[in-house]
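**Q** One structure, pasted below without further comment.
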Protein chains: 2
Amino acid sequence: MPGPSHVRRPATLASLAAELGVSRTTVSNAYNRPDQLSAPLRERVLEAARRLGYPGPDPVARSLRTRKAGAVGLLLTEALSYAFRDPAATGFLEGLALACEQANQGLLLVPVSPDHVDVTAVHQAGVDGFVVYSVREDDPHFMAVLERPVPTVVCDQPTGVEGVDRVGVDDRAGMLGLARHLTGLGHRRFGVICMRLAAGHNDGPASAQRQESITYPVQRDRLGGIRDGLAEVGVDWADVPVIERFEHSVEAGRDAAAELMAAHADLTAVVCTSDILALGALQHAAERGLSVPDDLSVTGFDGVPEAGRAGLTTVNQPVLEKGRIAGELLLQRGDRNRSRRVTLPTELVVGTTSGPPRSDQRFFSGW
Amino acid sequence: MPGPSHVRRPATLASLAAELGVSRTTVSNAYNRPDQLSAPLRERVLEAARRLGYPGPDPVARSLRTRKAGAVGLLLTEALSYAFRDPAATGFLEGLALACEQANQGLLLVPVSPDHVDVTAVHQAGVDGFVVYSVREDDPHFMAVLERPVPTVVCDQPTGVEGVDRVGVDDRAGMLGLARHLTGLGHRRFGVICMRLAAGHNDGPASAQRQESITYPVQRDRLGGIRDGLAEVGVDWADVPVIERFEHSVEAGRDAAAELMAAHADLTAVVCTSDILALGALQHAAERGLSVPDDLSVTGFDGVPEAGRAGLTTVNQPVLEKGRIAGELLLQRGDRNRSRRVTLPTELVVGTTSGPPRSDQRFFSGW
DNA sequence: TCACCGGACCGTAACGGTTCAGAGCCTCAC
DNA sequence: GTGAGGCTCTGAACCGTTACGGTCCGGTGA
């Protein structure tokens, strides 16, 4: 098997042209516009290229001249590797990759350092546009993206950025439906487990003040949906404990559930703002010996495959579709200039983790 | 919230320099080498940049000049989106992404068209090197990568390419250990389900001839490992039916198992060359009413999370580690020029899907 | 006074292509 | 014979930046 050709400094289009005694234009055309030169000459060019080990036009130089990179940048707030761990993100990426490969565009995962903020990677990225996946409103990387003179599409959050297309779901409505499902079953004593609400590490109860200053619109909407749903049956939001976790993992959900139940043993329903957290809550319930849904109802959000297998009551959102549409919004942008907003439908999925509270608990809740 | 700046044609370094009456070098230095100019002047430059909406040095132009793109290209044979569906690939990607983000390098997923071969995407990719994940020996995209004058690292396959680093596991040894486990349990009647062996769609038995012309070394080694293991107890490989599937999915595994068992109802063990296929085989066994492992033993390869949950007997390989090392081989390549080979260990995991064959079956196998 | 030095800044030449307006030249119709 | 038009091919400008090797100037030590 032949080895790679990176040993020798490769020939350039110019050197190839000189070798052949033709103009650089002609060599360029041999690659890009075969109809612009005679077949024999073209063959002669290509043959010489083979002989001299010319790898074809340099992609970077071409990008500079043509002003297109042939790639889409993807920005995530989390560490890059996170994208491959979170099933919701994975689904999104699959959809986005689908759109990219259909348009023959590369997908550049922009490395963001989770620890120290460093936006150079955003400046480094040779891309024709950015897809931003679910980042904080005041994310510095996102700011850097906005400064780049390329189109941008946001998935989920931040919302309402001028001149930027967005695709997402109606998180508030989705959660509202879920809350009604639970209140309809008779629940009145709720606890909530949510994801990171703003910059800064806050593992524990989310104070009213913190809830005021949420910088993740999705979390804001999901909490808002729950609050609205509970308000309909007279449950005061101030009485609902909300536990926040910085990390988004099953482990974090389990841990949060433990914290929640330790302080509020009388809850009949735990609403989580993601399936991953809910799966953790289910783990905790099992460890605590609570029967779900008899002793406790647990719900999630997203509709990831594992949730389906676990029979979790949740709100499905079309993650793959979100990715696909994000890609299409970016790539198929005609001469449109106004920003477009796409809101996809969610669907309440009633699984086996939600049911009416025990009658004694129901009675208890009447106090 | 402010909008993006892609409306106006952005200022260039040159125009900024002209505006300020300084040289372009100075502006460049303001961004890249703050120590090369006085602080006040630097501030003046940056202020003017802000005022004129100069987004900082163009990444593509910079790449052209500095000859580095700040990104690693990833080549997969399958459609891009596949990478996010196969858990083994996902694990690999996570590891690779880890290495990339540590080196502050982007990860460019190169779009390959699964249907019609089109290597332009490989030529398009502005990257400093390629990681090739598990492709066919004669894959045209891979050939195109080799022509690019950049370093390349291969994961798994193809093997033995001159001048190209490689990371993988000893697939043959892994499978050999697994085969010994099964023969040790008493199995003598085997069936095999394997992944795509070569170019071309072959869903069905893999003839001896096809097995001769395998172009996926990993499959060659895994099958070879089984063969060697069976030979040790006198089982003739010619008597072992091998079913191939083009698609790599649970569904395909289920289907292949059905085909296998329909023709060979007397098998006591089905060895699959991947966990995904094995999970499908388990599904089929369940549908057929076979008790695993009493009626049938089923094994996989890879050690994906789902296999763990299913209790599958399999061969674990450190997929995340493979990705991380692939990235490191590419990024931390010193002035080394000889190609490096890294072989990571595998581990036999005995789950609940393998056990001794029924005694009557064992007797039967003695015929 | 003068050679020398270091900091601050600059001019020029790449980097490797693409693009566009032609220049030749040949053919064909009139 | 001649002008129109088509096919090939060329020359020069341009894309936006950084690398390299300077220059300029004020200060210093002898």
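The values are calculated or read from the model by the stated rules, or taken from the named source; none is laboratory data. What you are looking at is a predicted structure, and each value in this text was computed from that prediction instead of being measured. Here the Cβ is made from the backbone with ideal geometry for all residues, glycine too, and neighbour counts use every protein chain on show.
**Q** Output the qualifying pairs, or none if there are none: Cβ atoms under 6 angstrom, residues six or more apart or on different chains, first residue in region B:107-121 and more than 7 Å from chain A (Cβ to nearest Cβ) and of a type outside the set (S, T, N, Q), second residue part of a loop (DSSP other than H, G, I, E, B) and surrounded by fewer than 24 Cβ atoms within 10 Å (Cβ to Cβ).
**A** Matching pairs, first to second residue: B:Pro114/B:Ala79.
**Q** I would also like to ask the following. Among the residues in region B:47-67, are any in contact with a strand residue (DSSP E or B) (Cβ under 9 Å, 6 or more places away or on another chain) and either modelled with pLDDT under 85 or more than 15 Å from DNA strand C (Cβ to nearest atom) (or both)?
**A** Looking for residues that are in contact with a strand residue (DSSP E or B) (Cβ under 9 Å, 6 or more places away or on another chain) and either modelled with pLDDT under 85 or more than 15 Å from DNA strand C (Cβ to nearest atom) (or both), one finds none in region B:47-67, hence no.
**Q** Just the residues that are touching a residue at least 12 places away in the same chain (Cβ under 8 Å) and more than 10 Å from DNA strand D (Cβ to nearest atom), please, taken from region A:14-36.
**A** Passing the criteria: A:Ser15, A:Leu16, A:Glu19, A:Tyr31, A:Asn32.
**Q** Give the residues of region A:9-25 that are surrounded by fewer than 18 Cβ atoms within 10 Å (Cβ to Cβ), more than 14 Å from chain B (Cβ to nearest Cβ) and more than 7 Å from DNA strand C (Cβ to nearest atom), sorted by residue number.
**A** Answer for region A:9-25, where residues must be surrounded by fewer than 18 Cβ atoms within 10 Å (Cβ to Cβ), more than 14 Å from chain B (Cβ to nearest Cβ) and more than 7 Å from DNA strand C (Cβ to nearest atom): A:Ala18, A:Glu19, A:Gly21, A:Ser23.
**Q** Could you please give the count of residues in region A:65-78 that are within 9 Å of chain B (Cβ to nearest Cβ) and surrounded by fewer than 20 Cβ atoms within 10 Å (Cβ to Cβ)?
**A** 1
**Q** Kindly indicate whether any position in region A:88-99 is at pLDDT 90 or above, within 8 Å of another protein chain (Cβ to nearest Cβ) and part of a strand (DSSP E or B).
**A** no
**Q** So, A:Ala39, is that one small (Gly, Ala, Ser), more than 13 Å from DNA strand C (Cβ to nearest atom) and touching a residue at least 40 places away in the same chain (Cβ under 8 Å) or not?
**A** For A:Ala39, the condition - small (Gly, Ala, Ser), more than 13 Å from DNA strand C (Cβ to nearest atom) and touching a residue at least 40 places away in the same chain (Cβ under 8 Å) - is not met.
**Q** Does region A:258-268 contain any residue that is out of contact with any strand residue (DSSP E or B) (no Cβ under 7 Å at 6 or more places or on another chain) and closer than 19 Å to A:Tyr82 by Cα?
**A** No, that holds for no residue.
**Q** Can you tell me which residue in region A:27-40 is nearest to A:Gly56 (Cα to Cα), limited to those that are out of contact with any helix residue (DSSP H, G or I) (no Cβ under 7 Å at 6 or more places or on another chain) and in a helix (DSSP H, G or I)?
**A** Top of the filtered list is A:Tyr31.
**Q** So A:Ala30 ticks every box in (1) more than 16 Å from DNA strand C (Cβ to nearest atom); (2) buried (at least 21 other Cβ atoms within 10 Å of the Cβ); (3) more than 13 Å from every other protein chain (Cβ to nearest Cβ) but one. Which box is left unticked?
**A** Checking A:Ala30 against (1) more than 16 Å from DNA strand C (Cβ to nearest atom); (2) buried (at least 21 other Cβ atoms within 10 Å of the Cβ); (3) more than 13 Å from every other protein chain (Cβ to nearest Cβ), the one that fails is (1).
**Q** Further question: Of the residues in region A:153-202, how many are assigned to a loop (DSSP other than H, G, I, E, B) and over 22 Å from the mean Cα position of the chain (by Cα)?
**A** Matching residues across region A:153-202 total 4.
**Q** Taking B:Gly126 as the residue in question, decide whether it is within 21 Å of B:Leu64 (Cβ to Cβ) and within 9 Å of chain A (Cβ to nearest Cβ).
**A** The answer is yes for B:Gly126.
**Q** Yes or no: region A:49-61 includes at least one residue that is within 7 Å of chain B (Cβ to nearest Cβ) and more than 16 Å from DNA strand D (Cβ to nearest atom).
**A** Yes, region A:49-61 contains a residue that is within 7 Å of chain B (Cβ to nearest Cβ) and more than 16 Å from DNA strand D (Cβ to nearest atom).
**Q** Against the condition under 25 Å from B:Val150 (Cβ atoms), surrounded by 19 or more Cβ atoms within 10 Å (Cβ to Cβ) and of a type outside the set (Gly, Ala, Ser), how does A:Tyr54 come out, does it pass?
**A** yes
**Q** Among the residues of region B:136-161, how many are more than 7 Å from chain A (Cβ to nearest Cβ) and of a type in the set (Lys, Arg)?
**A** 1
**Q** Looking at region A:204-215, which of its residues are closer than 28 Å to A:Gly184 by Cβ, of a type outside the set (Gly, Ala, Ser) and assigned to a loop (DSSP other than H, G, I, E, B)?
**A** Of everything in region A:204-215, just one residue is closer than 28 Å to A:Gly184 by Cβ, of a type outside the set (Gly, Ala, Ser) and assigned to a loop (DSSP other than H, G, I, E, B), namely A:Ile214.
**Q** If A:Glu232 satisfies all but one of (1) surrounded by 14 or more Cβ atoms within 10 Å (Cβ to Cβ); (2) modelled with pLDDT of 95 or more, what's the number of the condition it fails?
**A** Unmet for A:Glu232, out of (1) surrounded by 14 or more Cβ atoms within 10 Å (Cβ to Cβ); (2) modelled with pLDDT of 95 or more: (1).
**Q** Next question. What is the one condition in (1) in contact (Cβ under 8 Å) with a residue 24 or more places away in the chain; (2) within 18 Å of the chain's Cα centre (by Cα); (3) part of a helix (DSSP H, G or I); (4) at the interface with another protein chain (Cβ under 7 Å from one of its Cβ atoms) that B:Ser81 does not satisfy?
**A** All conditions are met except number (1).
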